[in-house]
Amino acid sequence: MLKVIHHIIHLIMDASITLKPEDIPGALLSPNLSIKDHTKLQLQRWLACRCLKQGGTKSDLMQRVTNCIKAGTDNNIFLCIDGGKWYDAKRLYLQSNQCVLLTKANMTELVKGISLDKDCLLKGEGIQGNEDKIRKRNV
C-alpha cells in the first residue's frame, strides 16, 4: 500500500513541476542591458533554455529573442535543458520537502483522489512557499 501511495505522490509532483527562468543559469537576460548588448553566447543560451533555434547571426538571435518575448512565451523553459539536471534538482528538492510534510492521513486522502491542498499541488505551485498552508491542514 505504501508503495502505491509513494508512486501516486511522485505522479502528482512530476505533473506540477515547471521550470522558471530564475531556476536555470543563463535563462534570464540582464535587466541592465538591451537585447543587442548581450553577447551572441548569452543569446544562444537564452534560446537554448526555451528549446529554440540557436544558429545564425547575432541579428537572427536577437530577432528570435524579441519574437519570443512579444509572443509571451519567454517563461516557457525547456524541461530537458542541460540533460534535465535542473528539472531533476527541482523535483528532488520539492519531493524531499513534501515527504517531510506528509502525514499518513494525508497519504490516505491522496489515494482516495483528494489532493493535499488543491491550491498548491494541483495548480502547479508545488510545496515550496506553501509549507504553512499544508502544516495548518495537518493540525
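Using per-residue counts of other Cβ atoms within 10 Å, averaged over each peptide, order 70-78, 47-55, 30-38 from highest down. Intermediate results must be reported in sequence, preceding the final value.
On the way: 70-78: 13.7, 47-55: 16.3, 30-38: 10.9.
Averaged packing, sorted descending, gives the order 47-55, 70-78, 30-38.
How would you classify the stretch 29-101 from its alpha-carbon gyration tensor, with a ≥ b ≥ c the square roots of the eigenvalues: rounded for a/c under 1.5, else prolate if a/b is greater than b/c, otherwise oblate?
Working: a/c = 2.72, a/b = 2.38, b/c = 1.14.
Because a/c hits 1.5 or more and a/b exceeds b/c, the stretch 29-101 counts as prolate.
All of the numbers you see were taken from the coordinates with simple rules; none came from a lab. Values in this document were obtained by computation on a predicted structure and should not be read as measured data. FYI the Cβ positions are ideal-geometry reconstructions off the backbone, even for glycines, and counts take in every protein chain you see.
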